[in-house]
Amino acid sequence: IEETIEQHLANDLSEKRTEKLLIVLLHAAIFEFLYRPQTSPNIIINEYLNTSDFFLEQSQKKYLNAILDKVSKKIRS
């Protein structure tokens, strides 16, 4: 998962400057993209965005959506 983040998101994400909860959600979603191929990327993204409603501000949720969309396309292409 760390390799995937470094490979596809190095320019978009700084783990030191990004809120830890956002990083945890990102790690969990990447796990599902990699190891749950039977689940649609859109379903994975939607579930993590719904979960983030309880923990993140709207701007962070938009950022998470953009990051998940980008990495899902690269992993599942």
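Of everything in region 10-36, what is free of Cβ contacts under 8 Å to residues at least 12 places away in the same chain, open to solvent by 20 Å² or more (accessible area, probe 1.4 Å) and assigned to a helix (DSSP H, G or I)? Give them in sequence order.
20, 24, 35
So, of the residues in region 37-77 that are aromatic (Phe, Trp, Tyr) and assigned to a helix (DSSP H, G or I), which turns out to be nearest to residue 6 (Cα to Cα)? I'd like the intermediate steps shown before the answer.
We begin by selecting, within region 37-77, every residue aromatic (Phe, Trp, Tyr); these are 48, 54-55, 63.
Now narrow it down to the ones that are assigned to a helix (DSSP H, G or I): 48, 63.
Numbers: 48: 21, 63: 17 Å.
Out of the qualifying residues, it is 63.
Just to be sure, is residue 1 open to solvent by less than 60 Å² (accessible area, probe 1.4 Å), under 14 Å from residue 72 (Cβ atoms) and among the aliphatic types (A, V, I, L, M)? Give the steps one after another, and end with the answer.
Details: open to solvent by less than 60 Å² (accessible area, probe 1.4 Å): no; under 14 Å from residue 72 (Cβ atoms): yes; among the aliphatic types (A, V, I, L, M): yes.
Judged against the criteria, residue 1 is not a match.
Taking region 37-61 as the region of interest, how many residues are under 12 Å from the mean Cα position of the chain (by Cα) and loosely packed, with under 13 Cβ neighbours inside 10 Å?
Count: 1.
Tell me which residues, restricted to region 4-36, are hydrophobic (A, V, I, L, M, F, W, C), closer than 16 Å to residue 76 by Cα and under 11 Å from the mean Cα position of the chain (by Cα). Before you say what the answer is, go through the steps one by one.
Narrowing region 4-36 to residues hydrophobic (A, V, I, L, M, F, W, C): 5, 9-10, 13, 21-26, 28-31, 33-34.
Now drop any that are not closer than 16 Å to residue 76 by Cα, which leaves 5, 9, 26, 28-31, 33-34.
5, 9, 26, 28, 29, 30, 31, 33, listed by residue number.
The values are calculated or read from the model by the stated rules, or taken from the named source; none is laboratory data. Nothing here was measured: the structure is a model prediction, and the numbers come from that model. Note that each Cβ is placed from the backbone with ideal geometry, even for glycine, and that neighbours are counted across all protein chains shown. Side chains are part of the model used for accessible areas, which takes the heavy atoms of the whole protein and leaves out ligands, DNA and RNA. Shrake-Rupley method; radii C 1.70, N 1.55, O 1.52, S 1.80 Å.
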